[in-house]
Amino acid sequence: MRIGIFLSNPHPQVGGGHIFENDIVKNFLKKASKITEHEFYIIHRNKNFDKNNIEYSEKFKFLYAPNNNFFDKISENLKRHFIASPFFSKFKGPIERLAKKNKLDMVWFVSGYYYESMDIPYIATVFDLQHRTQPWFPEINHSGEWATRELNYRYFLSRASHIIIGTDIGREELQLFYQIPKFRIHKLPHPTPSYILDDDNKNKLFVKKKYNLPEKFIFYPAQFWPHKNHINLLFALKIIEKKYNLKLNLVLTGSDKGNMEHVKNIIEEQDLSEQIKILGFVPKNEMAALYKCSLMLTFVSYCGPENLPPLEAFSSECPVIASHIQGSEEQFRNAVLFCNPNNPEDIAAKIYELYNNENLKKDLIKKGIERAKAWQATNFTDGVLKIINDFSGIRRNWK
């Protein structure tokens, strides 16, 4: 088959999406370069795309798909609203036009977002369906965002030949919300990012000096969205100070997505300014050092469970406190200390427990390392290749 691999090329400040796509694609193309029964085409939307940055680039063909123009956006929206209309279905988006021109048999959308649906068979990747499970967050429900997500996901996912999701709960949600048959949904958990697995500890002193980090601190890398739950973590720090007479330092990283001002205001109100450092966006090559310098990761996000920071922490020998949400036990197993993200008292109790219990800390680190090594990028790409190989028997039945 002729397989298109669509790269969304997310900016590094997107965070997990950027790390996930780069890691998966790098590993996939390494394996694909040795495969003779399929041809692989890399579809990208960056005019300045440098194919020389891709290993084995001479083995693949590169196709440029421009972003949707005004007409493409209008026609795609009309197709979603008038799904049975033969007239609107004639209008094809830029990815499908490119795929048909190059006679592609299948397209894999690597990143977990929605794109244009197509008549050509395609594989969709889904990170989460939080607009359905937690529709109250402003980043999900303001300015028509909820309706946009719902229309796009419903149309895009319903037409996908196969869908990749990371957990059993995600598979159940796809079946519940969009009535997608189970056999079209494939569970492939997020792999531990390779940049963490390959880190050599050389950056620790440099990062400590660059950011003037305190000697001991807890760590929370998360974009400043409301669903990341920074506020309850701040309240937990204040509880620890009052209840246990212990002032703990907290280092926050991540880009501002509209909620940083609110977080800073709460820091001021709770008189926590001396204990909190906000570093903003931190490049990937410095993140591993931050994990390794920290006492623990406090991953208190409401959304998930397919989140990369706990996996990164596992590989960095950093013990983890994580939100007890749907699917989290499946992803993290017994390698984290779970907390109720809605309860600052519980978050505080878990932080204090881990801070004082060396045996617990060592046990979580041991189990975290085992979890980090259990599922890596090579496992994920093997799963994708199996989907492609299995589908080739179906695809050969038409021209």
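The values are calculated or read from the model by the stated rules, or taken from the named source; none is laboratory data. Remember, it's a predicted structure, so these values are computed and weren't measured experimentally. Cβ: placed from backbone, ideal geometry, glycine included. Neighbour counts: every protein chain shown. When the accessible area is computed, the model is the full protein with side chains, heavy atoms only, and any ligands, DNA or RNA have been set aside. Shrake-Rupley method; radii C 1.70, N 1.55, O 1.52, S 1.80 Å.
Scanning region 258-282 for residues that are farther than 15 Å from residue 214 by Cβ, in contact (Cβ under 8 Å) with a residue 40 or more places away in the chain and crowded, with 16+ Cβ neighbours inside 10 Å gives a single hit, 282. Those helices (runs of 4 or more DSSP H) of region 109-159 in which at least 1 residues are loosely packed, with under 15 Cβ neighbours inside 10 Å and among the hydrophobic types (A, V, I, L, M, F, W, C), considering only elements entirely within it, cover 145-158. For region 269-293, the tally of residues that are under 11 Å from residue 252 (Cα atoms) and either among the aliphatic types (A, V, I, L, M) or modelled with pLDDT under 95 (or both) stands at 7.
Yes/no per residue for (1) in contact with a Ser or Thr (Cβ under 6 Å, 6 or more places away or on another chain); (2) over 27 Å from residue 222 (Cβ atoms); (3) among the aliphatic types (A, V, I, L, M):
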{"residue": "20", "(1), (2), (3)": "no, no, no"}
{"residue": "73", "(1), (2), (3)": "no, yes, no"}
{"residue": "82", "(1), (2), (3)": "no, yes, no"}
{"residue": "99", "(1), (2), (3)": "no, yes, yes"}
{"residue": "105", "(1), (2), (3)": "no, yes, no"}
{"residue": "111", "(1), (2), (3)": "yes, no, no"}
{"residue": "118", "(1), (2), (3)": "no, yes, yes"}
{"residue": "127", "(1), (2), (3)": "no, no, no"}
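All told, residue 356 meets the bar of being farther than 23 Å from residue 193 by Cβ, of a type outside the set (Phe, Trp, Tyr) and more than 18 Å from the chain's Cα centre (by Cα).
Given region 283-398, what strands (runs of 3 or more DSSP E) lie entirely inside it while holding 1 or more residues that are within 21 Å of residue 231 (Cβ to Cβ), of a type in the set (Val, Ile, Thr) and open to solvent by 10 Å² or more (accessible area, probe 1.4 Å)?
none
Residues in region 260-282 that are farther than 17 Å from residue 224 by Cα and outside any helix (DSSP H, G or I): 270, 271, 272.
Of the helices (runs of 4 or more DSSP H) lying entirely inside region 168-236, those containing at least 2 residues that are over 16 Å from the mean Cα position of the chain (by Cα), exposed (fewer than 15 other Cβ atoms within 10 Å of the Cβ) and in contact (Cβ under 8 Å) with a residue 40 or more places away in the chain span 204-210.
All of 35, 42 fail the test of being touching a Phe, Trp or Tyr at 6+ places or on another chain (Cβ under 7 Å) and outside any helix (DSSP H, G or I), apart from 42. Of all residues in region 83-98, one or more are open to solvent by 50 Å² or more (accessible area, probe 1.4 Å), part of a helix (DSSP H, G or I), basic (Lys, Arg) and at pLDDT 80 or above.
Determine whether residue 289 is among the hydrophobic types (A, V, I, L, M, F, W, C), farther than 26 Å from residue 203 by Cβ and touching a residue at least 40 places away in the same chain (Cβ under 8 Å). So residue 289 fails the test.
Of the set (1) in contact (Cβ under 8 Å) with a residue 24 or more places away in the chain; (2) open to solvent by 30 Å² or more (accessible area, probe 1.4 Å), all apply to residue 242 but (1). Taking the conditions exactly as written (assigned to a loop (DSSP other than H, G, I, E, B) and either open to solvent by less than 100 Å² (accessible area, probe 1.4 Å) or modelled with pLDDT of 85 or more (or both)), does residue 62 satisfy them or not? Criteria not met by residue 62. Can residue 23 be described as in contact with a strand residue (DSSP E or B) (Cβ under 6 Å, 6 or more places away or on another chain) and within 21 Å of residue 186 (Cβ to Cβ)? No; evaluated as a whole, the condition is false for this residue.
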